[in-house]
Structure formats: structure tokens, C-alpha cells
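Colleague: For reference, the structure I am asking about is given below.
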Amino acid sequence: MSKPVVAIPCDFREFDGNVWHVAAHQYVRAAVEGAGLMVFLVPALEAGNDVDEILDRVDGVLASGARSNVHPSLYGREASEADGPFDPGRDATSLPLIRRALDRGVPLFAICRGIQELNVALGGTLASEIQEQPGIWDHRKPEVPDLDVAYGIRQDVVVKEGSCLAPVLGTGRVRVNSLHRQAIGAAAPRLAVEAVADDGTIEAVSVIGAKAFAVGVQWHPEYWVRTDAPSAALFKAFGDAARAYRESKAS
């Protein structure tokens, strides 16, 4: 049987005057090597993507991290320059894809910006510049040239007992590489909190009543999927869900 296919929404970026639909290699590599999937990159179009046509052709959706942030107007807040950068094409691509994937029972794994997209898509809000809030740590990525250092595993999250992530990661403390300046503010009603940082920041969620694997994490398991056991376990679980979904379509 051929490998399942996962859709990864692209970012819309400009380089040297040309515009590109791009996806970071670390997510593509993790989907291929860590989850055993093939990858379909979805262009970041503000209009023109047919969500159901896309989902007809894939067995999972991976909403990746990105440098841009979800536009605050999508969760009822006026935007300021400090909330950027923004990517309207990514917003217009990812949010409908997430909603429809959940409707159809297509497995979903949302990482970093992806967990924020998941929350907004289901009616939640985001908090900006969380490091400025009393009692909240500075979760931002260190500004260092060595990416292994920047993406270093340096923070604990606590996985809740009885959560859907407990069979994947175990319960209690798990060491992760959580790198962000925004986070979930008010969690969407359909989301269950799966893991939190010691400062109370929501670090993982799942979709209540989802028909298939539907998990979001604020950290970056894709970066260390080759060597870190919890990172590998997350991608294996996603890959297994995509394979099960593909087999269910064939039966």
C-alpha cells in the first residue's frame, strides 16, 4: 500500500522581489521521516483553494509553525503593528482547512502557529507578548545563529493525567522546546487542555469529540524528531492516525 499523504499549508513570503509559497524543511522532514508520510504543500492563497478537493486527496493535515501570526481581527481584536508580521494567505488557507478536516475526521497535528490557528478556528483567542505579563516566562526563541541551540530542549510541560496525550507522552513532566511570544488566551470551547507550562501557559490541546487524532502543541517536536523520544512519539502517533484514516477510506 502506498504511503499516506499529509497536507501542509504554506506561508506566503517575498524574497528579492519575488513571492513564494513556502514550507519550512523541518516540518516536511519530520512528516516524511518521523511519521512515514508523503507531503502535499498547499499554496497560501487568499482565495482559490477548494478545501474539500484538497482533503479528498490527503490523509492528514499538519499545520506548521511560521514567523507570522494569526491576524487579531480573526479573534475579535484590533490589530497593532506589534502583533505582526501577518500572512493573510496563510490565515485564509489554514483556518478553513482545519475546520473542515475536523468536520470530516481527517487527522490533524498543529504545531506552534498551528495550535494558535486551531484555537482561533474554533472560536478561541490569543494572547500577545506573553513575556510581558506578570508571572509568565520568556518563551521566545533565543536570538543565536546556532539553530540547535535556538531550538534546544529546555523547558518542562506537565501532561495531564487522563489526557489523550498521556498514552503518547506519559503523564507528568516532559521536557520540550517551546518557543513563542504568543499563546492561547481563551481556549476555544471545543478544546481540552492537555499540557501546561509551570507558569500556566497552555502548551498542548486536543479537540473534544474529534473523530480522529486532533492535537495541537505549542512546542517544536519536528526539530528533534530524529533523536528526542517524545518528539518522535508525537509524529509516530500522527502517522499512525493518517495510516488508519487511509485504510478506512479504502475499506
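The values are calculated or read from the model by the stated rules, or taken from the named source; none is laboratory data. What you see is a predicted model; the values in this text were computed from it and never measured. Here the Cβ positions follow ideal geometry from the backbone for every residue, glycine too, while neighbour counts run over all protein chains shown. For the accessible areas, the whole protein counts, side chains as well, though only heavy atoms, and no ligand, DNA or RNA atoms are used. Shrake-Rupley method; radii C 1.70, N 1.55, O 1.52, S 1.80 Å.
Colleague: When only Cα pairs under 8 Å and 6 or more residues apart are kept, what is the percent relative contact order across the chain?
Modeller: On the way: 532 pairs, mean separation 53.1, N = 251.
Relative contact order for the chain comes out at 21 percent.
Colleague: How large, in percent, is the carbon and sulfur part of the accessible surface of the range 1-96 at a probe radius of 1.4 Å?
Modeller: 53
Colleague: Also, quick follow-up: Pull up the DSSP beta bridges for the chain and report the antiparallel fraction as a percent, rounded to 5. Present the calculation step by step, with values, prior to reporting the outcome.
Modeller: Working: 24 of 39 bridges.
If I count the DSSP bridges inside the chain, around 60 percent turn out antiparallel.
Colleague: May I ask you to order 45-54, 159-168 by the average number of other C-beta atoms within 10 Å around their residues, highest value first? Mind showing how you got there, number by number?
Modeller: Working: 45-54: 12.8, 159-168: 16.1.
Packing order, densest peptide first, comes out as 159-168, 45-54.
Colleague: Also, I was wondering about something else. Using only the alpha-carbon atoms of the range 5-250, report the extent along each of the three principal axes, biggest first, to the nearest angstrom.
Modeller: Principal-axis extents of the range 5-250 (Cα, largest first): 50, 45, 37 Å.
Colleague: Same structure again: Tell me, how many Å apart are the Cα centres for the range 23-92 and for the range 164-180?
Modeller: Taking the Cα centre of the range 164-180 as reference, the centre of the range 23-92 is 23 Å away.
Colleague: If we sort 140-150, 22-32 on the protection proxy, mean other Cβ atoms within 10 Å, highest first, what's the order?
Modeller: Peptide ranking by packing, descending: 22-32, 140-150.
Colleague: Taking +1 at the Cβ of each Lys and Arg and -1 at the Cβ of each Asp and Glu, which of SER94, SER73, THR125 sits farthest along the dipole of the range 32-125 towards its positive end, judged by Cα position relative to the Cα centre?
Modeller: Of the listed residues, the answer is THR125.
Colleague: Shifting gears a bit: Determine the alpha carbon to alpha carbon distance for each of LYS160/LYS211; LYS211/LYS249; LYS3/LYS249 and list only those over 19 Å.
Modeller: Working: LYS160/LYS211 21 Å; LYS211/LYS249 14 Å; LYS3/LYS249 13 Å.
Beyond 19 Å: LYS160/LYS211.
Colleague: Calculate, for the chain, the solvent-accessible area per residue in square angstrom, rolling a 1.4 angstrom probe over the heavy atoms of the protein chains. Intermediate values should be presented prior to the final figure.
Modeller: On the way: 11110 Å² over 251 residues.
So the chain comes to 44 Å² accessible per residue, rounded to a whole number.
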